[in-house]
Structures are given as structure tokens and as C-alpha cells.
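The values are calculated or read from the model by the stated rules, or taken from the named source; none is laboratory data. The structure displayed is predicted, hence computed values, not measured ones. Cβ atoms come from the backbone with ideal geometry, glycine included; neighbour counts cover every protein chain shown.
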Ligand code: 6PG
């Protein structure tokens, strides 16, 4: 596990855009397709903006990338809260990528059915591979949730499913990838900024107890990277 700390959100996203581009290039040297599970929420918007602009817009071989999502809010695609819409508006509609390389989670059918269908799609792309995704990008909430894995949620003990539908009183209907799948990624990156997440971050990184869903993310190959800003790192000590 590595922690990468930068002055502010702008610099974190600058550094992460370059770091991801490097990872994509290295992966393309050894395989045709790069598979990437995107994160939703506010924090990755700045990163997606940078990747949809020069030099990354021209430099990255987008037509050799397949995009998936870590989780989705069960709202129509044209709803501002929809994670796929956010990524489309800021990144995917601005780059040269074949539409069949973009694998959205359906929100126009029952969540349980959508979860089943997405798991089927994932098996088509990820089965018999040493790793699942080449990159999984994650965020973390102030309550220590990640993806749509919320504290106290009944699905947290599900060690087998790749995808689950979940209902949260606060966050509504969601469809989420599960740690069993994410932990087999080749590389996992958490992008976390802002002081509000500082205290929970110290517990997630240093806590002895398994209290937070974000602590369930333990890639089997240990390729776990935290890209954070000074605000989020505020309470971290050398022990973390
Ligand atoms: C989502 C995300 C979720 C997000 C955290 C952090 O759909 O909301 O996948 O897990 O990463 O809630 O969200 P912010 O970046 O908005 O703080």
C-alpha cells in the first residue's frame, strides 16, 4: 500500500492523471485492452476533466480501453446524480472511444436484475484473467464507505458476489461492485481529498478494527494506492 500526498486537490488530480496515463501505457505494452472501473461522486470530476484535455486527450489510446463502473445510483441516465452521466459529460463524450467499449450499469430495470446482468457482462470480460480490472478507481465518504458499500449494510459479508443491488435509507437504491471482485484488480486507487475525510482516513489506514467498508478493499497483490491532498492527510501520523 502506498500513500501519495499532494498540496491540494488540483495537484492530486494532476499527479494522478499522469500516473494513470503511465499505467495505461505500460499495460498496453503487454496486452491489447486496458479495463478500468470508474468511480462516481464529486471528487473524480477534476481528474476526468484533466484526462479529457490535452495532453492526455491525444496521448492516451482510448480505443484500447474498456470502461466499467464501481457503482451506480438507480436513477435515469439523464439524472444529474447518475455516475455514468457524470463520466459521459466530463470525459467519455470528449474522447475517441467506441461506444461498445463503455459498459454502463443499467438503471432502467429492477436493481436486482441490473446487478445480475452486470455480473454476467463482467464475467464475459474478466473471466480466466489473472486479474480482474487493470485499474479500479475508488472514492471514500466521510463515513468510511466506498463504492456503495455503506457501514452496517447487510451485503458487507457477501464474499462471493461480484455485483449487488443495495438499498440505503440515506442514499437510495444503488448497484455496487463487491470487494471479492475489486480485490482481484491489478491496481486499486483511492482518490480522497478534503479535511472532512481526514479523521476517518486515519482510522481506515491505521485502525486496528475492521470498522469501515473502505477497509474491505485489500487487493490480493497489495497494489493499493491512496492519492490524497494535505487536507485529507491532516491527521495522519508516521504510524499510518
Ligand atoms: C458514489 C461513489 C461513492 C463515492 C463516495 C465519495 O456513487 O457516490 O461511488 O462511493 O466515491 O461517496 O463521494 P465524493 O467524492 O462525492 O465525496
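So here's what we get for this one:
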item	result
Single condition residue 115 does not satisfy, out of (1) surrounded by 21 or more Cβ atoms within 10 Å (Cβ to Cβ); (2) over 26 Å from residue 13 (Cβ atoms); (3) within 14 Å of the ligand (Cβ to nearest atom); (4) touching a residue at least 60 places away in the same chain (Cβ under 8 Å)	(3)
Residue 45 vs. criteria within 16 Å of the ligand (Cβ to nearest atom) and at pLDDT 95 or above	yes
Those strands (runs of 3 or more DSSP E) lying entirely in segment 152-219 with at least 1 residues surrounded by fewer than 22 Cβ atoms within 10 Å (Cβ to Cβ) and more than 14 Å from the ligand (Cβ to nearest atom)	163-168
Matching option when the condition is surrounded by fewer than 20 Cβ atoms within 10 Å (Cβ to Cβ), out of contact with any strand residue (DSSP E or B) (no Cβ under 6 Å at 6 or more places or on another chain) and in contact (Cβ under 8 Å) with a residue 24 or more places away in the chain, among 49, 2	49
Residue list for segment 48-59, filter: within 16 Å of the ligand (Cβ to nearest atom) and either more than 18 Å from the chain's Cα centre (by Cα) or closer than 23 Å to residue 121 by Cβ (or both)	48
Members of segment 10-42 that are within 16 Å of the ligand (Cβ to nearest atom) and closer than 24 Å to residue 72 by Cβ	13, 16, 36, 37, 38, 39, 40, 41, 42
Counted residues, segment 220-240 - those being touching a helix residue (DSSP H, G or I) at 6+ places or on another chain (Cβ under 7 Å), closer than 26 Å to residue 184 by Cα and in a loop (DSSP other than H, G, I, E, B)	1
Residues of segment 60-91 classified as more than 16 Å from the ligand (Cβ to nearest atom) and either in contact with a strand residue (DSSP E or B) (Cβ under 8 Å, 6 or more places away or on another chain) or closer than 21 Å to residue 133 by Cα (or both), total	7
